[in-house]
Amino acid sequence: MRARYGIPLGITAAGAAGLLYAAGFEARSFRLRRVTVPVLPSGMRPLRVLQVSDIHMVSGQRKKQRWLRSLAGLRPDFVINTGDNLSDPEGVPEVLDALGPLMEFPGAYVFGSNDYYGPRLRNPARYLIEKAQGRHGLNGNPPAVGVVHNPWENIRDGFDAAGWLNLTNTRGTLKINDVSIELTGLDDPHIKRDRYDEVAGGPSPSADFSMGIVHAPYLRVLDAFTADGYPLILAGHTHGGQLCIPFYGALVTNCDLDTDRVKGLSTHTADGHTAYLHVSAGCGTNRYTPVRFACPPEATLLTLTSRD
């Protein structure tokens, strides 16, 4: 009997232990990634940028809320929110409360698909199938029907009231100690809301520094930002792969970005130009798949330094 049932029982026990770890510990094991990016013009003082992404707030997630509030202690020069704040229509007050201390700093934001629409239960294996078929989001898939519409307008109003810039297919400028920071943003490419033609043309000559902001790092968007001469692009969406294999990495990115660049700092080249790309693994999960494995939730403090 031991020979016949021992191995299956062992596999089952190991799977249960892994699930318990992924849902009970790692998904709530919040981390701060620190990255230095040499992108500023020569002689400019360093800038500290806090990027938060993919919060996917569900009502009652107190530990996540406390951790997000604590990030204000980093005292960044400005904050960039790269979207997907919600995974629960009832979570808007908790998102605004958790980000309240950070909204005391200059900031800007773009939205992701989960800000607009509530999540649906889906088999995680579908991400692998869609990757094999080259289908991602609404880029080749049928439009979503019967979805829950989230109260994203309330988040927008809260961010706007705090003075954060809404970068939905537009540009904005932050003044940080007499330094002009131009931010060019797009709405979420994952659901085909991006309109790059409305912001095309590259960095403004009047800005001291310019960067691109988008939720989902689709290649068409990265190509456009890079070809236009933006030296830095910030994105989220991928969750770092969310369920990763130790010593191997992510299996999917939920977009057409390769898995080697699923999170952290990398580069992107298009039309003879090269930009730095930072993809945040985010600090939340879809409410129906509240697990992470070998990919802890995170925010990132980017220190921008001069190129020399």
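No lab work stands behind these numbers, since they all come straight from the coordinates. Just so it is clear, the structure is predicted and the values come from calculations on it, not from any experiment. So basically every Cβ, Gly included, is an ideal-geometry build from the backbone, and we count neighbours across all protein chains shown.
Mean-square fluctuation check for the chain, GNM, Cα pairs under 10 Å: which of L121, L40, L251 is largest?
Among L121, L40, L251, the largest mean-square fluctuation in the Gaussian network model of the chain belongs to L121.
If I model a spin label as a point 7 Å beyond the Cα along the Cα-Cβ vector, how far apart are those points for Y248 and R45 in nm?
So the label points at Y248 and R45 sit 4.8 nm apart.
Rounding to the nearest 20 debye, state how big the charge dipole of region 120-272 is about its Cα centre with +1 on each Lys and Arg Cβ and -1 on each Asp and Glu Cβ.
Roughly 700 debye for region 120-272.
Quick one: how many lysine pairs in the chain have C-alpha atoms under 28 angstrom apart, if they're 8 or more apart or on different chains?
5
Tell me, what is the percent relative contact order of region 180-276, built from C-alpha pairs under 8 Å that lie six or more residues apart? Let's see the in-between values first.
Details: 182 pairs, mean separation 24.4, N = 97.
25 percent.
Determine the gain in length on full extension of the stretch D97-R28; use 0.36 nm per residue of separation and subtract their C-alpha separation, reporting nm with one decimal. Walk me through the numbers on the way to the answer.
Working: separation 69, 0.36 × 69 = 24.84 nm, distance 1.85 nm.
So the chain would gain 23.0 nm between D97 and R28.
Could you compute the net charge surrounding W164? Neighbours are other residues with a C-beta less than 12 Å from the C-beta of W164; K and R count +1, D and E count -1.
Around W164, the charge tally is -2.
Could you derive backbone 3J(HN,Hα) for region 31-45 from the dihedral phi with the Karplus parameters 6.51, -1.76 and 1.60 (θ = phi - 60°), listing whole Hz in sequence and x where the residue is Gly or Pro?
The phi angles translate into 10, 10, 8, 10, 9, 10, 10, x, 10, 7, x, 4, x, 7, 5 Hz.
Shape of region 61-102 from its Cα gyration tensor (a ≥ b ≥ c, root eigenvalues): rounded if a/c is under 1.5, otherwise prolate when a/b > b/c, or oblate?
Cα axes put region 61-102 in the oblate bin.
With bins 10 Å wide starting at 0, give me the P(r) of region 126-213 over every alpha carbon pair, in whole percents.
With a bin width of 10 Å, the distribution comes to 14, 33, 30, 18, 5.
For the chain, count all C-alpha to C-alpha pairs, find those more than 35 Å apart, and express that count as a whole percent of the total. Numbers along the way, then the final one.
Details: 8183 of 47278 pairs.
Value for the chain: 17 percent of Cα pairs lie more than 35 Å apart.
Would you list the P(r) distribution for region 226-308, with all Cα-Cα distances sorted into 10 Å bins from 0 and each bin expressed as a whole %?
Once binned at 10 Å, the Cα pair distances of region 226-308 give 17, 45, 27, 10, 0.
Give, rounded to the nearest 20 debye, the magnitude of the charge dipole that the chain has about its Cα centre when Lys and Arg contribute +1 at Cβ and Asp and Glu contribute -1 at Cβ. Working shown, then result.
On the way: 31 positive and 30 negative charges, 295 e Å.
Its charge dipole is roughly 1420 debye.
Count the net charge of all other residues whose Cβ sits under 14 Å from the Cβ of L301, scoring Lys and Arg as +1 and Asp and Glu as -1.
Local charge sum for L301: +3.
By average Cβ neighbour count within 10 Å, what is the ranking of 156-165, 275-284, 192-201 from highest down?
Per-residue Cβ counts within 10 Å, averaged per peptide and sorted highest first, yield 275-284, 156-165, 192-201.
For the pair S204 and S266, how long in nm is the line joining their label points, each one 7 Å along Cα→Cβ?
Distance between the two pseudo-spin positions: 3.2 nm.
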